[in-house]
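For reference, the structure discussed in these notes is given below.
The values are calculated or read from the model by the stated rules, or taken from the named source; none is laboratory data. Remember, it's a predicted structure, so these values are computed and weren't measured experimentally. Cβ sites come from the backbone with ideal geometry, for glycine too, and all protein chains shown count toward neighbours. Calculation scope for accessible area: heavy atoms of the full protein, side chains included, ligands and nucleic acids excluded. Shrake-Rupley method; radii C 1.70, N 1.55, O 1.52, S 1.80 Å.
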Amino acid sequence: MSGSRAAESLLALSQQEELEDLPKDDSLSSSEDEGDSDGERKHQKLLEAISSLDGKNRQKLAERSEASLKVSEFNVSSEGSGEKLVLSDLLKPIKTSSSVAAVKKQLTRVKSKKTVELPLHREEIERARTPLEQEIFNLLHKNKQPVTDPLLTPVEKASLKAMSLEEAKMRRAELQRARALQSYYEARARREKKIKSKKYHKVLKKGKAKQALKDFEKLRKVNPAAALEELEKLEKARMMERMSLKHQNSGKWAKSKAIMARYDLEARQAMQEQLARNKELTQKIQRASESEEEEEGAGEEGEPLVPDVVNEVQAKVNGPNPWMFRNQSSDATEPEIQEDPDEGAEPAGHEASESEDEEGPVAEEDILLKEFEERRSLRQKSGLSGPVGSPETKDSSSQEVLSELRALAQKLNKENHRSGRQEVSAARTGTILEVQRDEPAEEQEEPLLLQRPERAQTLDELEKLGREGCLQNKELPRAAVEGQRLKTNPNNHLGAIPKEKKRKEQMIDLQNLLTTKSPSVKSLAVPTTVEELEDEEERDQRQMIKEAFAGDDVIRDFLKEKREAVEASKPKDVDLTLPGWGEWGGVGLKPSAKKRRRFLIKTPEGPPRKDKNLPNVILSEQRNIHAAAHQVRVLPYPFTHHQQFERTIQTPIGSTWNTQRAFQKLTAPKVVTKPGHIIKPITAEDVGYRSSSRSDLSVVQRNPKRLSIRHKKQLKQNSVD
Amino acid sequence: METAPKPGSDVPPKKDRPQAKRKKPRRYWEEETTPTAAGASPGRPRKQKNREPRPQKSKSAPIQKKPRFSRKPQVLKKPQEWKSPGPQRSLSGAQDPFAGPAPVPVEVVRKFRRIDKSKKLPPSKSKAQSRLEAAEAEEEEISVKAARSELLLAEEPGFLEGEDGEDTARIRQADIVEAVDIASAAKHFDLNLRQFGPYRLNYSRTGRHLALGGRRGHVAALDWVTKKLMCEINVMEAVRDIRFLHSEALLAVAQNRWLHIYDNQGIELHCVRRCDRITRLEFLPFHFLLATASETGFLTYLDVSVGKIVAALNARAGRLDVMTQNPYNAVVHLGHSNGTVSLWSPAMKEPLAKILCHRGGVRAVAVDPTGTHMATSGLDHQLKIFDLRGTFQPLSARTLPQGAGHLAFSQRGLLAAGLGDVVNIWAGSGAASGPSLERPYLTHRLAGHVHGLQFCPFEDVLGVGHSGGVTSMLVPGAAEPNFDGLESNPYRSRKQRQEWEVKALLEKVPAELICLDPRALAEVDVVSLEQEKKERIERLGYDPEAKAPFQPKPKQKGRSSTASLVKRKKKVMDEEHRDKVRQSLKQQQQQKQEKAKPTGARPSALDRFVR
């Protein structure tokens, strides 16, 4: 420590400007020198020095050893008392007086305030303790950097001295120009920034992007390493973007735009743009090294290499539609498909139409038409080899319907036993081969059909298909469902295997449907007028239409709709689990399966749906409550079951459904009274009571003479009634 | 309940019915009719022309069913009224050879039966049993009465019959017109109206009046039998569809923008702005509802008796331009572009049923008057016939060279289809069985493309609206030959019409009663019945209908000791238990037998090794 201090002092000495700092140090050393006289004191000093070696600068209290007049208040020690000396104690007089108390109070107040920290000694600041500090110190002083007066460095001063006046002037002018230019530039930038024209900015951006692209290309040629670095930068920007989610629609601006977007088209566009930008920014950029092989093949693949500004422009060409990005990736697979149009004509067509988006809908239609033509010609070729004429077309159409239904059946199967799916898919290739062997002509006819996902997938389906085929060959007339069933049964003996039958029972409804839905097999017996119409052209058109509609999958949509309806009508289970109750909860934590099982109240399964076995029908399960209000809802007395009561009300009584006589009989009142006939009040006798009937009869019996003929008649009538 | 009775067949014209007389006339018809029937049997007298279109209104038409009566003398034994009381002696001493009421064939009676006795009922108490028996007896009596009055249906449908091997479809309209009588020939006519575009048409319910609506605004109504024009106007707007309301006095026209209602003078009565951009109209006569299908995808029901919109249903399937009604249950069928046909009732917000019919869009739908068959044609050029009785499965299908754009069923189940400018008509073996699509019954080529098709009720006439005007074709055997004079009388006077109108309004069926099976309304609402029962049990704390537990009667002379009471109770309990066990055993045995039956083949000794 002392060594360093010495070095310091040496350095300080070398500087003339800082001489004034030194005397303090000197005085300290001199005071040390004074005490050398005494041996004992020497010893004391030594101890002091040793104790101060630990680095902490301790203020040692000097011990008062001799009496003097001048007693410095700083040297008062409280050694003897054994406690800390307090200033206020010193002020305390022997006798307490009131005047001193005020002063004491003041003093305590002053003491309670924090003492102002004085700036450290300059020397203390400049003292470089660590090697780093020293180095810095060295540097500073080598360059003669002004510490106190920062106006000019000595070097500068020297150079100023060295410059002539003109030179100085020139330099100043130069500086002034530079400053002016800078201010001009800033002003311009500000102005440009204020321009509201979107187009202007667009153009500007485009220009910039182009420039950047050019630069980048150049850089790549000249200095691939630098280009790579640039790429890395891009990657970093992407990462930042992903982290910050800056361009997601979560910012203040985006939120305001989202509100506006409902009414303002521009705002909507802006939002879309932002989203597109986000997409771009977060998109993974291909590394240059990886994409190098592809670069020769396609020029487009080089795109990801360019900076994002360029990407943005590209995106604008494609439009903000995120689907367009897929296009590029699918391009690679496209040529393969086009090589064999027989197999995947349809998907290829799709892709082609997608990629040639700019050509517009007309081009799309052209492509589709061309495809249809191709397929038709193919079919015709195969048709020449196969059976010719109307039965052939009939067959094809029936095949199509069959395939539909097969699809239906398969769907249902899938629902029934999902577990067997893998096995089916494994067997798939084999089955296709089987199909080809069974009916090669038909297979060639309909490459499209086979290409569909809903082809014959299981062996038993194939068997069914075979059976269908034989049925068709026999040309059995199919009229009604009932008749059909009867007919298929005798036919079964061809392949009369009990196993097969079992399988048939399982799928009875579907089989049923299969047979019924196929069109009548007999050849077209069209009357003259229609026959005239039906020439080749007509048939062509028909084929075309059929093919055109083969694309949109009505059946799948319907099945989907049905599934949704079934789901909607199913009774929902009640889940009473409280997440986080009795266990840890929070985002991403789910209540345990055990707990869910425990608190899940399963509703009993309702009755089976009415359309369970009807694959082509959705029947509404809703109850017609308006009609139910008109229905009988209370079972009348003697009946114990609603079916009994229903039987009694099954016959309609209206005149619309009955003959006049029947209507009259059905609606005749139970009691008919003639007009003018007196109806006597009800008596107990009428009801059948014997006991209380005496009163009335007694009157009659007492004086039977008084009864007139008319009365007699009435009595008689009453008894008859 | 049945909203649409089969006109004529069930109900005899009540006015024409002779009053029941005390004394039964002697019946000699059984001997008499056989020669007349043979004499006028189809096609035999005119040998030079084997196909003989039998105009159904000919008064001398023979009744073919009469011989059948004698052939099947199976008579109902039960009703005691017409049980033959044995040979009666008259004053002269001659014996009535046909004593008692005339026999009624069982077949005909069966047609009118309402109660299906084959269905087993749960066992009932004696009181309920007697009620049931009474109801059954009543029903039988009524059906016999109805069968007996079949006799009054004097007219009978006839069909074209070709010589062996001759195709009836080759017979031209001109041939038919040449062969029939003058009155029937006058029913074939062509209206050349080339100026105002393709025509839609509609016959009134009585079949007497015809309304035409040309695309370019031409609206006309006429008594087509006498060819008397009622009104003719140009609405100066595109006309999409036209329809008579409950009577010929009111006419609904779906114009380009709104629905307008005119009277038979051509005066605009209403402009219904809540029904806009209507493409098709249907009128449900028993509910007084005008169903409209709009371009916006809404199916709107307008009650024309009170002028209120009963329901506006969103079909959620885009533009609707295929609509028809099921005359049996008043359900509206809509055809959609995704190949489905949806069935709607105003009481339900969602379709009652949705049927996938075609791979392409549905172009036309028609339902036969009995409500059993539905014909659909689609963009895939298929024509299909569906069974509407619960299963909704296709019965037959056929590919047409051009798809059918319009379909119509006649009262007797003939199916007409407009294919471009050709009309094809298919006939079935009977009204009950649907039309067989094997070979067409008739074909006809028109001057322009077909735009509207409808069979005229009670006349063998098919009206076709096309781009060249309107054509009225003769289709022998299309319509119901017997009309109900009280229900829809083609010859009614103005007064009669007014009378009928009041009655019809009084009998108006509420719109919410429209459902798929109208007979279900005559059933007990089981859901609410059970609910109420449950609530009652909950309220009372016990089940009042439950069988009370056995309580032994108190007996004297010390036999009513506690021990013996318990013994007796136990006895009853055991007996009940044994009954239960016996029953379950019986069931198990039955099940076993059912299982054992299908194996069929003789059991082999080796069966024991089969695992």
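If you check B:K83, B:K77 for being surrounded by 13 or more Cβ atoms within 10 Å (Cβ to Cβ) and at pLDDT below 50, only one passes: B:K83. Condition first: exposed (fewer than 13 other Cβ atoms within 10 Å of the Cβ), within 12 Å of another protein chain (Cβ to nearest Cβ) and of a type outside the set (S, T, Y). Can you find one or more residues in region B:507-515 that meet it? Looking through region B:507-515, at least one residue is exposed (fewer than 13 other Cβ atoms within 10 Å of the Cβ), within 12 Å of another protein chain (Cβ to nearest Cβ) and of a type outside the set (S, T, Y).
Whether a residue is of a type in the set (D, E, K, R), part of a helix (DSSP H, G or I) and over 30 Å from B:F286 (Cα atoms) was assessed, and B:K592 passes this test. Right, B:L453: on the phi < 0 side of the Ramachandran plot, in contact with a strand residue (DSSP E or B) (Cβ under 8 Å, 6 or more places away or on another chain), open to solvent by 20 Å² or more (accessible area, probe 1.4 Å) and not in a loop (DSSP other than H, G, I, E, B) or not? It is true that B:L453 is on the phi < 0 side of the Ramachandran plot, in contact with a strand residue (DSSP E or B) (Cβ under 8 Å, 6 or more places away or on another chain), open to solvent by 20 Å² or more (accessible area, probe 1.4 Å) and not in a loop (DSSP other than H, G, I, E, B).
Among the residues in region B:415-429, are any touching a strand residue (DSSP E or B) at 6+ places or on another chain (Cβ under 8 Å), buried (at least 24 other Cβ atoms within 10 Å of the Cβ) and acidic (D, E)? Within region B:415-429, none of the residues are touching a strand residue (DSSP E or B) at 6+ places or on another chain (Cβ under 8 Å), buried (at least 24 other Cβ atoms within 10 Å of the Cβ) and acidic (D, E). Screening the candidates B:E237, B:E232, B:E268 for the property of being surrounded by fewer than 20 Cβ atoms within 10 Å (Cβ to Cβ), farther than 24 Å from B:P510 by Cβ and free of Cβ contacts under 8 Å to residues at least 12 places away in the same chain yields one hit, B:E268. Residue under question is B:E499, and the condition is that it be away from chain A (no Cβ under 13 Å) and assigned to a helix (DSSP H, G or I); does it hold? Answer is yes for this residue. Taken together, the residues in region B:320-345 that are among the charged types (D, E, K, R) and at pLDDT 95 or above amount to 0.
When B:R359 is tested against (1) more than 19 Å from the chain's Cα centre (by Cα); (2) within 12 Å of another protein chain (Cβ to nearest Cβ); (3) surrounded by fewer than 23 Cβ atoms within 10 Å (Cβ to Cβ); (4) farther than 13 Å from B:T340 by Cβ, exactly one condition is not met: (4). Among residues of region B:527-542 that are closer than 19 Å to A:A629 by Cα, those with a Cβ under 6 angstrom from a residue that is open to solvent by 70 Å² or more (accessible area, probe 1.4 Å), sequence gap 6+ or separate chain, pair up as B:S528/A:R633; B:L529/A:R633.
Which number in (1) buried (at least 19 other Cβ atoms within 10 Å of the Cβ); (2) more than 9 Å from every other protein chain (Cβ to nearest Cβ); (3) among the acidic types (D, E) marks the one condition that B:E139 misses? B:E139 satisfies all of (1) buried (at least 19 other Cβ atoms within 10 Å of the Cβ); (2) more than 9 Å from every other protein chain (Cβ to nearest Cβ); (3) among the acidic types (D, E) except (2).
Restricting region A:633-667 to residues that are open to solvent by 50 Å² or more (accessible area, probe 1.4 Å) and not in a loop (DSSP other than H, G, I, E, B) leaves a set whose member that is nearest to B:G485 (Cα to Cα) is A:Q660.
Tallying residues that are among the basic types (K, R) and either in contact with a strand residue (DSSP E or B) (Cβ under 6 Å, 6 or more places away or on another chain) or modelled with pLDDT of 90 or more (or both) within region B:431-450 yields 1.
Being modelled with pLDDT under 95 and open to solvent by 10 Å² or more (accessible area, probe 1.4 Å) is the requirement here; does B:E248 meet it? Here the answer is yes, as B:E248 does meet what is asked. Here B:F392 meets the list (1) touching an Asp or Glu at 6+ places or on another chain (Cβ under 9 Å); (2) more than 9 Å from chain A (Cβ to nearest Cβ) almost entirely, failing just condition (2). One residue stands out in region B:111-136 among those that are touching a residue at least 24 places away in the same chain (Cβ under 8 Å) and surrounded by fewer than 19 Cβ atoms within 10 Å (Cβ to Cβ): the one that is farthest from A:L635 (Cα to Cα), namely B:K111. Under the condition of being without any contact (Cβ under 8 Å) to a residue 60 or more places away in the chain, part of a helix (DSSP H, G or I) and open to solvent by 60 Å² or more (accessible area, probe 1.4 Å), the residues counted in region A:226-245 number 9. Looking across region B:525-572, the residues that are of a type in the set (A, V, I, L, M, F, W, C), open to solvent by less than 80 Å² (accessible area, probe 1.4 Å) and within 14 Å of chain A (Cβ to nearest Cβ) come down to B:V526, B:L529, B:A546. Within the option set A:K570, A:K590, A:K612, being more than 26 Å from the chain's Cα centre (by Cα), free of Cβ contacts under 8 Å to residues at least 24 places away in the same chain and either exposed (fewer than 14 other Cβ atoms within 10 Å of the Cβ) or more than 8 Å from every other protein chain (Cβ to nearest Cβ) (or both) holds for one residue only, A:K612.
Basic (K, R), without any contact (Cβ under 8 Å) to a residue 24 or more places away in the chain and in contact with a strand residue (DSSP E or B) (Cβ under 7 Å, 6 or more places away or on another chain) - does that describe any residue in region B:311-331? Scanning region B:311-331, I find no residue that is basic (K, R), without any contact (Cβ under 8 Å) to a residue 24 or more places away in the chain and in contact with a strand residue (DSSP E or B) (Cβ under 7 Å, 6 or more places away or on another chain), so the answer is no. Which residues, counting only those in region B:271-301, are more than 20 Å from B:L453 (Cα to Cα), in contact (Cβ under 8 Å) with a residue 40 or more places away in the chain and open to solvent by 20 Å² or more (accessible area, probe 1.4 Å)? B:F286, the sole residue that qualifies.
If you filter region B:153-170 down to residues that are assigned to a loop (DSSP other than H, G, I, E, B) and within 14 Å of chain A (Cβ to nearest Cβ), you find that the one that is modelled with the lowest pLDDT is B:G165.
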